[in-house]
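These notes concern the structure reproduced below.
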Amino acid sequence: MNITVYCGALDGGDPEFTERAYELGAWMADNGHRLVYGAGDAGMMGAVSGGAMDRGGEVVGVTPEFFVLAEVTRDDLTELIIPGDMSERRKVMIEMGDAFIALPGGMGTLDEISEVITYKRLSLLGKINKPIMMYNVNGFYDNFFRMLDDMTGQGFCRRVDRDNVIEVKCIEDIEKALEDAGKTDTTVNILDEKQSK
């Protein structure tokens, strides 16, 4: 399956971030999954793509031309897709994904995975289950999950939408989350819920 991975172009402050990213890429290749990511060659992007490519996996990079011109993209990818702008990049990465994983990253990573979460909430991912995972390496996303819980407790987020954001801490957790990928998604979206009242 195509697994869209969002992550930072920097290494971050913990060496385990890049170790886990590399491990994820290698696992994807070993298990026949295709990596879809932002095409970068440094930081977390370089680690996850390096792990996949070192094991002979397929890696699709999606990035606007200005990143290509700045020479911050890998030049050895299986496929490079060059959309018109950042919005189109996000759209392509969502459309290609059968599942989504956010590794540790910065504002861009949060922007991208938040859009996927919103798509899921509105059933814009279709009626096929596409798991959304936050790879919580060494507690990196603890505060993010606390915010989701606060949003749910304050009535800004439905429990079903909160539960659609899966915390994973290891490859085994990812494998478990992927067990439901491709099945029919029976989640009632927020628009259907409003119309049924």
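In nm, to one decimal, how far is the modelled label at K91 from the one at D149, with both set 7 Å along Cα→Cβ?
So the two model labels end up 3.8 nm from each other.
Residue by residue through the stretch 116-121, which ³J(HN,Hα) values in whole Hz follow from phi under the Karplus form 6.51 cos²θ - 1.76 cosθ + 1.60 (θ = phi - 60°), with glycine and proline marked x?
5, 4, 5, 4, 4, 4
Figure the gain on full extension for L10 and L80 (residue separation times 0.36 nm, minus the Cα-Cα span) and round it to one decimal in nm.
Working: separation 70, 0.36 × 70 = 25.20 nm, distance 2.06 nm.
Roughly 23.1 nm would be gained on extension.
Which loop chymotrypsin sites (Phe, Trp or Tyr not before Pro) in the stretch 96-197, with loop taken from DSSP, have no more than 12 other Cβ atoms within 10 angstrom of their Cβ?
F156
With a cut-off of 8 Å between alpha carbons and a minimum separation of six or more residues, what is the relative contact order of the chain in percent? Intermediate results must be reported in sequence, preceding the final value.
Values: 358 pairs, mean separation 40.5, N = 197.
This gives 21 percent for the chain.
Check each of the trypsin sites (Lys or Arg not before Pro) in the stretch 63-156 and keep only those in coil by DSSP with at most 11 other C-beta atoms within 10 angstrom; list them in order.
Hits after loop and neighbour filter: K127.
Give me, ordered by chain and number, the residues 5 or more places off I166 or on other chains with an amide H under 5 Å from its own placed amide H.
Answer set, sorted by chain and number: I132, M133, M134.
Across every pair of different alpha-carbon atoms, what Kirkwood hydrodynamic radius in Å does the chain reach?
Averaging 1/r across every pair of different Cα atoms and inverting gives 17.0 Å.
If the label point is 7 Å along Cα→Cβ of T186, which residues in the stretch 122-147 have backbone nitrogen under 18 Å from it?
So the set is 123, 126-131.
Using amide H atoms built in the peptide plane, which far-off residues or other-chain residues are under 5 Å from R34 H to H?
Under 5 Å from the amide H of R34: N2, I3.
None of the figures in this text is laboratory data; all of them are computed from the coordinates on show. Since this is a predicted model, take the numbers as computed values, not measurements. Quick reminder, even Gly has a Cβ in these numbers, built from the backbone with ideal geometry, and neighbours come from all protein chains shown.
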